[in-house]
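Colleague: Structure incoming, see below.
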Amino acid sequence: MASPNNQNSADSSLKQSLEAGLAALKQKDYQSAIALLESVTQSAANQPPGIRAQMGLVAAYKATGNVKKAIALCTSLTKNPNTQIKTWADRTLQELTPPRPPKPPETPPETGFVAFDSATESAKKTVKGDGLRPASLRPTADQKTGFSPLEPTSAPGNTKSPHISPPPPPPKPAISTETTPDAETSGENSPGSPTDTYQLTWREAARVKSPRPLKQLKLLEFRVQAVASAIALFFLARFVLQFLLTNTNSLLVQLYIFTRLPIFQPIQLFYRDPTPFVQFVFGLLLASSPWLTDALLKLFCGIENLRGSVLSKHSKEASRVLRSFCTKQNMPVPVLKLLPVNVPVAFSYGCLPRFARIAVSQGLLDQLTDDEIATIFARELAHISHWDFAPMSLAMLVIQIPYLIYWQTAFWGERLCDLMTIDFLRRTVKFVAAAISATSYGIYKLLRWPMLWLSRRRVYFSDRTSAEITGNPNGLTRALAKMAIGIADNIEQQKQTSFFLESFDLLLPVGVAQAVTLGSAALRAPLEQILLWDVTNPDRTWLTINSAHPLVGERFKLLELYAQFWKLETELDLASLSPEQPKKAKLSLNSILEFKDSKLFLQGAPFFGIPMGLGIVGLLWMVGWLFSKTSVWQLDWLLGDRSIFWGCLPIGFCLGTLMRINYFFPDITPQETTSPSLPEILSNPETMPIDAQPVQLSGQLLGRSGIENWLGQDLILQTATGLVRLHYVSRFGPIGSLYPFLIKETTRPSDLIGKPVVATGWLRRGATVAIDLESLRSQGGRVSDSGHPIWSAILAFAAAFWGAYIIIQGPR
């Protein structure tokens, strides 16, 4: 009889072989998958791992053309006592042995439609027919630009069918699900279940020819808020510039005192007020935004003009929409630009409608249908007619300045170090380049903040206007979903997030951070399931504050409501899932106490701690007032002391952070750690980032390499069920990331790019899905430890010491 230790070891080995086989199946390495899964089947034929292995083998045999083995294995699974496994096997067996086609009637039915054959079946596109090609057919990304060169594509007529008025809508549900019953076969979450058993299809829901007008938008208020956002960006940019100039001179002064070298004398120009310079730069960027953006995209992407005849080949409706809308609005037709990249994107930019541009990628023209392309063009026309494209174009150029410094400094720093032979000099240059690059990236993230509200708000307006222009909210739903899928596919194929996608994220119809998870999960589970959180979580609005785009599910729900308003069949069923909006409760003691005990309060405790600090200020001022009325004059200075006011603000932040830290970073133990699949993570409507579920997921680490990723700016885990972003903070802080050779045996996550890893950390489910890493372990035994809890505590105590220092210094 085997000992318990030997039994556990055997079970662990069996599970590892199963996960490795399913991962190989996902990577389309069918020979390795077959070898691994067959070994599992032989060892545990009738056990849950063996059943899952057999289901994976069916998919592998089918892909390699060994249909006889697939049929034989499927036939044996039809005898399984588990109802769901038997149903799956019966359905798969029918697909493997299709019935003989019926004899065609002697006379065609008088329906007005011609039956589709396999050549014209692309009129109803599935994701697999949307131009998303396998990795073997895609070229390697260029190291400088992060793009793959565009491959020749066939003529549009060969890949798309002409637009045909759809027949009556099919009965629901139209999204087919052929998922593996993992829960019954394994008794636990199984992220490695075969993914070829689910296929996303579209209902191709109808459109309205003459839509009734919707309620008029409040554009005046919206434009005032857009101008306010641009003004806020101006003042933030001025503050950042002044901060950099002042601290640069302070550093030079210290160096000059230490070395007495004239080269370190402070720069007198840096002491001047930077306001006129910032005003000049903003005015120049706004006035020249169309041509500057053209130059940027030409330099890094090879953008070119899009001829009207080429657009008409892909979408005649888009050409009609451009002409008719511009005529109706009495504005010139925007200049059309074509980005020769495979990822489906579109955006508009410029300073005035007469100089406006609409840029679309070749991937968008190839992967979307005629009517879907028209809805995207209508969205961009809405941005131009609403005038929000001008401040967004200005903001995009402003944030391009630090982003280009980050990108190019890292790129050329790496190449310069490769030419150096002296080790100390090479390390010094690399550290300086990394410090400049990391600082510039932080400034890029900071300068995005004033425009986030406008970026989210304008998306709702453009979606609505597009639906009204085309009468096709269902087409826009499909277009946005396919764009998310295309962006996720591009990241999987390129093995990183391209610089173009990240730097132009504010202008894109779908946010890159959203598309990473949603786009990859959409191929593995129904959209209604993975968008459930977006439409049902009661605190979702607060959790999008740091996002450049509103929740995709919320957008789809609004488009569905427009379709229902026009009496149309809907592409998705999200409106019925959304709970009724609760009535606004009056502010009372009970409501305050209920909020204090809520997850949202704990989630924002560091920021809610600031009002707590103001409460402490009020209490201390009251104490000072009371003592001022008595003979104890030693404490009457507390009354009205401004240093107490300013010092208690960071102290309140400290209290809120410490209040949250134990909830935010619970202990990670083997008993509490789970390995959920991505669809399971997305479909839980109640979770919030504060829930912090300890997880351990395995997969391949994607992201940029070298200095560009020393701070973990682009870390993505490619699991068997989708992509998940990873957040990393070195245990030694920024110095540990930028200069790790000062600390022995330190491994950055960027050193593990492209390798199979096991990620352990805390799952955060908010507007996006991410994991705060505790550790990242490769198969070779290399470990990269992260220090999120440590630096959260350090930040809290640093804020407390800063507040105490302000109070001790007293008013000035």
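The values are calculated or read from the model by the stated rules, or taken from the named source; none is laboratory data. Everything numeric here is computed off the predicted structure, so don't read it as measured data. Positions of Cβ are backbone-derived with ideal geometry, glycine not excepted, and every protein chain shown enters the neighbour counts. Surface accessibility is based on the protein's heavy atoms, side chains included, excluding ligands, DNA and RNA. Shrake-Rupley method; radii C 1.70, N 1.55, O 1.52, S 1.80 Å.
Colleague: Over 28 Å between Cα atoms, which of K26/K86; K218/K328; K337/K755 qualify?
Modeller: Working: K26/K86 23 Å; K218/K328 19 Å; K337/K755 38 Å.
In this structure, K337/K755 exceed 28 Å between Cα atoms.
Colleague: What dipole magnitude, in Debye to the nearest 20, does the stretch 671-781 give about its Cα centre under +1 on Lys/Arg Cβ and -1 on Asp/Glu Cβ? Before the final figure, lay out each step's value.
Modeller: Working: 9 positive and 10 negative charges, 62 e Å.
That gives the stretch 671-781 a dipole magnitude of about 300 debye.
Colleague: Also, I was wondering about something else. Principal axes first, then extents: for the Cα atoms of the stretch 685-812, list largest minus smallest coordinate on each axis, whole Å, largest first.
Modeller: Each principal axis gives a Cα extent; for the stretch 685-812 these are 59, 43, 22 Å.
Colleague: Rank these by accessible area, largest first, 1.4 Å probe: F280, F389.
Modeller: From most accessible down to least: F280, F389.
Colleague: Once you list every other residue whose beta carbon is under 9 Å from the beta carbon of H788, what net charge do they have if Lys and Arg are +1 and Asp and Glu are -1?
Modeller: -2
Colleague: In square angstrom, rounded to the nearest 10, how much accessible surface does E571 have for a 1.4 Å probe?
Modeller: 0 Å²
Colleague: Please state the relative contact order of the stretch 273-345 as a whole percent: Cα pairs under 8 Å, 6+ residues apart?
Modeller: Reported as a whole number, the value is 33 percent.
Colleague: Provide the solvent-accessible area of D29, counting protein heavy atoms only and rolling a 1.4 Å probe, rounded to the nearest 10 Å².
Modeller: My reading of the accessible area for D29 is about 70 Å².
Colleague: Extension gain A232-T673, at 0.36 nm per residue separation less the Cα-Cα distance, in nm?
Modeller: 154.4 nm
Colleague: Here is a follow-up. About the Cα centre, and with charges only on the beta carbon of Lys, Arg (+1) and Asp, Glu (-1), how big is the dipole of the stretch 630-722? Nearest 20 debye, please. Walk me through the intermediate numbers first.
Modeller: On the way: 3 positive and 9 negative charges, 41 e Å.
Dipole size: approximately 200 debye.
Colleague: Per residue, how much accessible surface does the stretch 650-782 expose to a 1.4 Å probe? Answer in Å², no decimals.
Modeller: Accessible area per residue: 38 Å².
Colleague: Also, quick follow-up: Please report the net charge: other residues with Cβ closer than 11 Å to the Cβ of P550, K and R +1, D and E -1.
Modeller: Result for the local shell: +3.
Colleague: How do W791, W710 stack up against each other in accessible area, from largest to smallest, with a 1.4 angstrom probe?
Modeller: I get W791, W710, largest accessible area first.
Colleague: Defining a contact as two alpha carbons under 8 Å apart and six or more residues distant in sequence, what relative contact order in percent does the stretch 697-793 show?
Modeller: RCO, the stretch 697-793: 30 percent.
Colleague: Then there is this: What order do S683, S576 take when sorted by accessible area (1.4 Å probe), most exposed first?
Modeller: Heavy-atom accessible area, descending, gives S576, S683.
Colleague: With all protein chains present, how much of the accessible area of the stretch 477-535 (probe radius 1.4 Å) comes from carbon and sulfur, to the nearest whole percent?
Modeller: The computed percentage sits at 57.
Colleague: Distance cut-off 27 Å, Cα to Cα: go down the list K209/K557; K313/K482; K557/K599; K298/K430 and report the pairs above it.
Modeller: K298/K430
Colleague: Can I ask one more? Give, rounded to the nearest 20 debye, the magnitude of the charge dipole that the stretch 446-527 has about its Cα centre when Lys and Arg contribute +1 at Cβ and Asp and Glu contribute -1 at Cβ.
Modeller: Result for the stretch 446-527 is approximately 160 debye, rounded to the nearest 20.
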